[in-house]
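Everything below concerns the one structure shown next.
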Amino acid sequence: ELTDATFGSEVLEAKGVVLVDLWAPWCGPCLKLTPTLESLSVEVAGRARVVKVNVDNCQSTASSLGVSSIPTVVLFKDGKEVTRIVGCHPKDAYLKAIENA
């Protein structure tokens, strides 16, 4: 799980594909999405990283990304946002986003 302090180096300065899950522990759909993204992280290991950002603990990061509802998954490639998926979706939607990055 990333923090406001580590987000820049771990995502914005990272080479390759990073899928960022912006979530909160009180969010039901976020908790429902967690096992899907954990499974996805194993499946895409070596091709992409999956990281989590708790919006309650990282309000600066959430604000800078313009996140207004959660779960929000933002896909970055070489530090630049390439796509954003809001809400809880099947694993294939996130896999397709990674493959198209």
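The values are calculated or read from the model by the stated rules, or taken from the named source; none is laboratory data. As the structure is a computational prediction, the values presented were derived from the model and not from experiment. Counting neighbours? That spans all protein chains shown, and the Cβs are built from the backbone with ideal geometry, glycine included. With ligands, DNA and RNA removed, areas are computed over all heavy atoms of the protein, side chains included. Shrake-Rupley method; radii C 1.70, N 1.55, O 1.52, S 1.80 Å.
A few points about this structure:
- Whenever a residue of the range 47-58 is more than 9 Å from residue 2 (Cβ to Cβ), its partners that are of a type in the set (S, T, N, Q), lying with C-beta atoms within less than 7 angstrom and at least six residues away or across chains, give the pairs 50/41; 57/3.
- Qualifying residues in the range 75-101 (those that are among the hydrophobic types (A, V, I, L, M, F, W, C), under 11 Å from the mean Cα position of the chain (by Cα) and under 14 Å from residue 33 (Cα atoms)) - the one surrounded by the fewest Cβ atoms within 10 Å (Cβ to Cβ): 86
Table: residues versus (1) open to solvent by 80 Å² or more (accessible area, probe 1.4 Å); (2) out of contact with any helix residue (DSSP H, G or I) (no Cβ under 8 Å at 6 or more places or on another chain); (3) part of a helix (DSSP H, G or I).
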position: 5; (1), (2), (3): yes, yes, yes
position: 8; (1), (2), (3): no, yes, yes
position: 19; (1), (2), (3): no, no, no
position: 26; (1), (2), (3): yes, yes, no
position: 31; (1), (2), (3): yes, yes, yes
position: 40; (1), (2), (3): no, no, yes
position: 46; (1), (2), (3): yes, yes, no
position: 49; (1), (2), (3): yes, no, no
position: 66; (1), (2), (3): no, yes, no
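- Scan the range 51-60 for residues that are touching a helix residue (DSSP H, G or I) at 6+ places or on another chain (Cβ under 6 Å) and open to solvent by 10 Å² or more (accessible area, probe 1.4 Å) and the total you get is 2.
- First in the range 2-20 and farther than 10 Å from residue 49 by Cα, second anywhere and part of a helix (DSSP H, G or I) and open to solvent by less than 50 Å² (accessible area, probe 1.4 Å), Cβ under 6 Å, 6 or more apart: 4/61; 7/61
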